Amino acid sequence: MTIAKDFASKVAVAFVALAMIFSAYAPAAQAQSAEDLQKMINDLLAQIATLQGQLGQGSGSTGMTSGVCPYTWTRDLSNGSTGMDVMKLQQFLNSDPDTRVAATGAGSMGMETEYYGPATAAAVSKLQVKYRSEILSPAGLVNPTGYFGPGTRAKANGLCTVVVVPPTPTPDEEEEEEEEEEDNKTLSGEGELDTFEMDDADDTDIQEGAEDVEIAEITMEATDGDIEVDRITFTLVGQNTPTESDPWDVFDEISLWVDGDKIAEFEADDEDNYLNEDDGEFRFSRLGLILEEDEKVKVTVAANITSHVDDAGSDADWRLTATEVRYFDADGVSSDDDTTDELPTATADFEIVEEGDGEELKFSTASSNPDATDIVVDTDSKTNGVTIMEYDIEAKEGDIEINTLFVKVTTGTTSSKVIDDIALEIDGQTFDAENSASTTGTETTFEFDIDGDIVVDEGDEVTVKVVVDLNAQEVSNGVPRYENGTTIEADVTGTEVDLTDAEGADDLDSGQLTGSANGESHTLVAEGILLPIDGVETSTDTSGDNDTLGEFTIEFEVQAVEGDFYIKELATEGSTSTTGVAFTYSGSNASSTGDTVSGVLSSTADEETSGVFTVREGETETFTLRVTIDPVASGDYRVSLTEVNYSATDDGVTDPQGYVPTPAQDFRTGYETIQGS
């Protein structure tokens, strides 16, 4: 019988049964309630839907379909929507028990309506949860919405098609099929064990209390055919006469693993389970492990260790030895092999160490640590939320809980004048400084109570942001709270690292707290000029006969803060100038007496006074320093912009103030090779 004919016959039977129920409704009402009859009707309708699914299943992984399919929804639907497409949606949802609109009454199977109400929205939510990875996750949603929008509609349209395809097996079904194939695999050839090698685990320090931790790795290979490994025999013996020499006092379980799956386990904590108590002999039997010809199979030996092992870390050495393997070939002939390759002395050694051994909390400067920069502060109000440093904390050999952290902040003057508040931001949490652990001159160490709210998982790291609120640079009696150009820097040196309070398996001591982190020095500017780092470009070239002249260009931006400022059109080599800009040059054969060096300064800024560039408050102008070097000796040379002098008066000279560009490496050119003249 064809699928279509079989389906038709089944549906016919279901409809006949349904008709019989309706015809018998009146007399049956005396014996059964309307609710009971409705339940019978719903069950038959569900059976019809199932039979329909056998003829044409949807393209989704569950084969979801209904009598409404194929159908395409073309608009979004939500609470209050009405129309035939709402009824089609209810019919579609009712075809799957997981998304049914209602069990009885309006909206139930056979009683669908054209009104989109709370029950329909709830059923749509069930659909969204069922296909979370295809509907909710791509939209960045965690919870269902009950809204039949573009994502949900696309999935429903994809499911509501008539395509005869076998349902996609679930992961569990696939695994069962693979296991069944493995169980039913037919051996071939007169195979025999050719390779049996045993190696130490990657980490031979095994912590007490560890579970499923690798203690050895076995490599096996068959030749001349396939074999089925039935059993492996081991001995487990303490070396150097450990205090606890009986394996059942030290090990809870020994297990075998292949490709991440546990294939066998031995209850190692029961003395009676051992074949020979004197040498800790035990055996894994009925393994059913297939070795196909010339294919290497790796078997991991793992163990669960008891929580308290006497002399752990000082005298708890153990040796696991594989002594014998029993296997079958294709003809069912068994072999008890204790001579192939490394058998019967294939060994792996390891040491049981104290829980927490090797744990480490390592500090380092984060790649996202902000570069040295100018921080514009207000003269009248606080400047909040400025990140002055970022550093990483990494946990090794265990999860580590952090209780207290310390950060040293260095300022150009007393920190209380500069800092209004300081906090650490870690994984979205903010921790304010509890107090100043110490203050020495311009250095203040701040303490932060983390109180175990941050746990760094083994092998992971967290990034810590040091964030400050800066006081206003207000002037009292003509004296500013802190000077323009005051610097601020945060660091976590070895001293602050050692002060850290953290715990893994136990409290970490100073030897387990390592590394350091160094922030950059930032300059506070309330009034004057700034040179943004991202506004710098440099270039080099040569000219003249045989490249005897070097030409160096540094283009930079100048921004005026809280006033108009003036810069003299002058470029001077050396560090003695108090007007214009100063630069230096360096080279492998630089000569202060023989080399000829000259510089020219130009700008996009206006010259209200001849020879003086004007930078208006809040505006940014571009300046270009061009330097020519005619050296005596050949070599590699470079130029650095070292200072920009400015004045609040339009002559660019009166009461000059110097600005030192930072970081210095961003305001220098690369090297250029120049031939000596």
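Can you tell me which residues in region 655-671 are open to solvent by 10 Å² or more (accessible area, probe 1.4 Å) and either in a helix (DSSP H, G or I) or at pLDDT below 95 (or both)? Steps first, please.
If we filter region 655-671 for residues that are open to solvent by 10 Å² or more (accessible area, probe 1.4 Å), which is where we start, we get 655-660, 662-666, 668, 670-671.
Hits for region 655-671 are Asp655, Pro656, Gln657, Gly658, Tyr659, Val660, Thr662, Pro663, Ala664, Gln665, Asp666.
Residues in region 127-136 include none that are without any contact (Cβ under 8 Å) to a residue 24 or more places away in the chain and over 17 Å from Ala156 (Cβ atoms). Evaluated against (1) more than 38 Å from the chain's Cα centre (by Cα); (2) surrounded by 13 or more Cβ atoms within 10 Å (Cβ to Cβ), Arg286 falls short on exactly one condition, (2). Mind listing whichever residues of region 344-357 are open to solvent by 40 Å² or more (accessible area, probe 1.4 Å) and small (Gly, Ala, Ser)? Within region 344-357, no residue meets the criteria.
Please identify the pairs in which a residue from region 582-594 that is among the aliphatic types (A, V, I, L, M) has its Cβ atom under 7 Å from the Cβ atom of a residue that is open to solvent by 50 Å² or more (accessible area, probe 1.4 Å) and modelled with pLDDT under 95, counting only partners at least 6 apart or on another chain. Short answer, once both residue conditions are applied: Ala582/Ser575. Tallying residues that are open to solvent by 70 Å² or more (accessible area, probe 1.4 Å) and either among the small types (Gly, Ala, Ser) or in a helix (DSSP H, G or I) (or both) within region 134-157 yields 3. Of the strands (runs of 3 or more DSSP E) lying entirely inside region 434-546, those containing at least 1 residues that are closer than 30 Å to Gly676 by Cβ and open to solvent by less than 40 Å² (accessible area, probe 1.4 Å) are 537-543. Restricting attention to region 329-339, the residues that are part of a loop (DSSP other than H, G, I, E, B) and open to solvent by 30 Å² or more (accessible area, probe 1.4 Å) add up to 6. When region 202-254 is filtered for residues that are within 18 Å of Val299 (Cα to Cα), under 34 Å from the mean Cα position of the chain (by Cα) and either open to solvent by 10 Å² or more (accessible area, probe 1.4 Å) or at pLDDT below 90 (or both), the ones remaining, listed by number, are Asp202, Asp203, Thr204, Glu211, Asp212, Val213, Glu214, Glu217, Glu253. Within the span defined as region 604-615, every residue fails to be touching a residue at least 24 places away in the same chain (Cβ under 8 Å), hydrophobic (A, V, I, L, M, F, W, C) and open to solvent by 30 Å² or more (accessible area, probe 1.4 Å).
Answer yes or no as to whether Thr373 is under 30 Å from Glu619 (Cβ atoms) and either crowded, with 20+ Cβ neighbours inside 10 Å or hydroxyl-bearing (Ser, Thr, Tyr) (or both).
For Thr373, the condition - under 30 Å from Glu619 (Cβ atoms) and either crowded, with 20+ Cβ neighbours inside 10 Å or hydroxyl-bearing (Ser, Thr, Tyr) (or both) - is met.
Please determine, by comparing only the residues of region 72-94 that are part of a loop (DSSP other than H, G, I, E, B) and in contact with a strand residue (DSSP E or B) (Cβ under 7 Å, 6 or more places away or on another chain), which one is surrounded by the fewest Cβ atoms within 10 Å (Cβ to Cβ). Ranking the qualifying residues of region 72-94, first place goes to Asp76.
Taking the listed residues Lys408, Lys417, the one that is in contact (Cβ under 8 Å) with a residue 60 or more places away in the chain and over 18 Å from Lys362 (Cα atoms) is Lys417, with no other qualifying. Considering region 310-328 alone, what residues qualify as being open to solvent by 60 Å² or more (accessible area, probe 1.4 Å) and without any contact (Cβ under 8 Å) to a residue 60 or more places away in the chain? The one that is open to solvent by 60 Å² or more (accessible area, probe 1.4 Å) and without any contact (Cβ under 8 Å) to a residue 60 or more places away in the chain: Ser314. If you filter region 559-580 down to residues that are charged (D, E, K, R) and under 49 Å from the mean Cα position of the chain (by Cα), you find that the one that is farthest from Thr620 (Cα to Cα) is Glu562.
Just a yes or no: is a residue in region 149-161 at pLDDT 90 or above, in contact with a Ser or Thr (Cβ under 6 Å, 6 or more places away or on another chain) and basic (Lys, Arg)? No, that holds for no residue.
One line per residue, one yes/no per condition, for (1) modelled with pLDDT of 90 or more; (2) within 30 Å of the chain's Cα centre (by Cα); (3) of a type in the set (D, E, K, R):
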{"position": "Gly107", "(1), (2), (3)": "yes, no, no"}
{"position": "Tyr116", "(1), (2), (3)": "yes, no, no"}
{"position": "Thr120", "(1), (2), (3)": "yes, no, no"}
{"position": "Ala123", "(1), (2), (3)": "yes, no, no"}
{"position": "Val129", "(1), (2), (3)": "no, yes, no"}
{"position": "Gly140", "(1), (2), (3)": "no, yes, no"}
{"position": "Thr145", "(1), (2), (3)": "yes, yes, no"}
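Only a single item in (1) out of contact with any Leu (no Cβ under 7 Å at 6 or more places or on another chain); (2) among the acidic types (Asp, Glu); (3) closer than 30 Å to Gly288 by Cβ is not met by Glu390, and it is number (3). Could you list, in sequence order, the residues of region 95-128 that are surrounded by 14 or more Cβ atoms within 10 Å (Cβ to Cβ), not in a loop (DSSP other than H, G, I, E, B) and not hydroxyl-bearing (Ser, Thr, Tyr)? Answer for region 95-128, where residues must be surrounded by 14 or more Cβ atoms within 10 Å (Cβ to Cβ), not in a loop (DSSP other than H, G, I, E, B) and not hydroxyl-bearing (Ser, Thr, Tyr): Ala102, Ala119, Ala121, Ala122, Ala123, Val124, Lys126, Leu127, Gln128. Checked against the criterion of being in contact (Cβ under 8 Å) with a residue 12 or more places away in the chain and farther than 19 Å from Ala502 by Cβ, the candidates Glu360, Glu342 yield just one match: Glu342.
Just one of the listed residues (Leu601, Leu641) is part of a strand (DSSP E or B) and within 48 Å of the chain's Cα centre (by Cα), and it is Leu641. Taking the criterion of being at pLDDT below 95 and part of a strand (DSSP E or B), the residues of region 608-619 that qualify are Glu608, Thr609, Glu617.
Any residue at all in region 317-328 that's over 30 Å from Ala222 (Cα atoms) and in a strand (DSSP E or B)? Yes - at least one qualifying residue is present in region 317-328.
How about region 541-580: which of its residues are of a type in the set (A, V, I, L, M) and closer than 25 Å to Thr614 by Cβ?
Passing the criteria: Ile554, Val558, Ala560, Val561, Ile567, Leu570, Ala571.
Among the candidates Asn471, Asn484, Asn477, single out the residue that is more than 20 Å from Ala366 (Cβ to Cβ), among the polar types (S, T, N, Q) and without any contact (Cβ under 8 Å) to a residue 12 or more places away in the chain. That would be Asn477, the only listed residue that is more than 20 Å from Ala366 (Cβ to Cβ), among the polar types (S, T, N, Q) and without any contact (Cβ under 8 Å) to a residue 12 or more places away in the chain.
Residues that are open to solvent by 30 Å² or more (accessible area, probe 1.4 Å), in a strand (DSSP E or B) and hydroxyl-bearing (Ser, Thr, Tyr) within region 547-580 comprise Thr553, Thr572, listed in sequence order.
Looking only at region 629-642, decide whether some residue is acidic (Asp, Glu) and under 21 Å from Val525 (Cα atoms). The answer is no; no qualifying residue exists.
The values are calculated or read from the model by the stated rules, or taken from the named source; none is laboratory data. All of these numbers come straight from a predicted model, not from anything done at the bench. Positions of Cβ are backbone-derived with ideal geometry, glycine not excepted, and every protein chain shown enters the neighbour counts. When the accessible area is computed, the model is the full protein with side chains, heavy atoms only, and any ligands, DNA or RNA have been set aside. Shrake-Rupley method; radii C 1.70, N 1.55, O 1.52, S 1.80 Å.
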